[in-house]
Amino acid sequence: MKTISWFVSLFVCGTFTVCAQNLAPTVTKASVTVTNQEAAETNALSAAELAQLKYERETIAQLTTLQANDDAASLAAILAELKNTNSTIRAAAVQAVVQFNDRSAIPVLQKMADATTDTAEKKEIRKAIAYMKLPSLTEYLDQRRALEANRAATNAPAATSVTNTSAALISTNAPAASLSTNAPAHP
């Protein structure tokens, strides 16, 4: 089993040829040299990238914790990360502002959108602003109730006008036929 897994991992890398009889890899000296050199470069870059990824994860975890709070200090800390030089952290900060759900942050987001030159980032910030401007469910339901109450008030006929018209017809004591224009007059 060990030989097969080694075979599969080497096959994926594509740095050898395989003898069909015993599945033993046949590796040339040149390919080993290139592979070792690439591995050394990858390990050197990985240390710096690993440090960067660790920083990003810690900061994003902190933003996630802060977005669940409901205090001014947490919002201030989130808004401070909007100025971070790392685009991944800025994007996480924008999402944290949205999750924090405080509309007082909209002007800060607007300034950030105006200042950025990255079109993708600007688009995401504007989407966040548009989302934050949407009414909450409670606000929406209140608006619907107010609208329905307004419609009910304007669509209902006025009670006094109906009563006054009926009273005018009754007080004239005119026969019903004389109220109609098509009815013949009685002698």
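What follows is calculated from the coordinates using simple rules that are stated; it is not laboratory data. Nothing here was measured: the structure is a model prediction, and the numbers come from that model. Here Cβ is always computed from backbone atoms with ideal geometry, including for glycine, and neighbour counts include all displayed protein chains.
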Fill in: Candidate aspartates and glutamates for bridging to residue 54, where Cα separation is under 17 Å - those fewer than 8 sequence places away on the same chain excluded
81
Item to complete: Treat every Asp and Glu Cβ in segment 56-149 as -1 and every Lys and Arg Cβ as +1, leave all other atoms uncharged, and give the resulting dipole magnitude about the Cα centre to the nearest 20 debye.
Response: 320
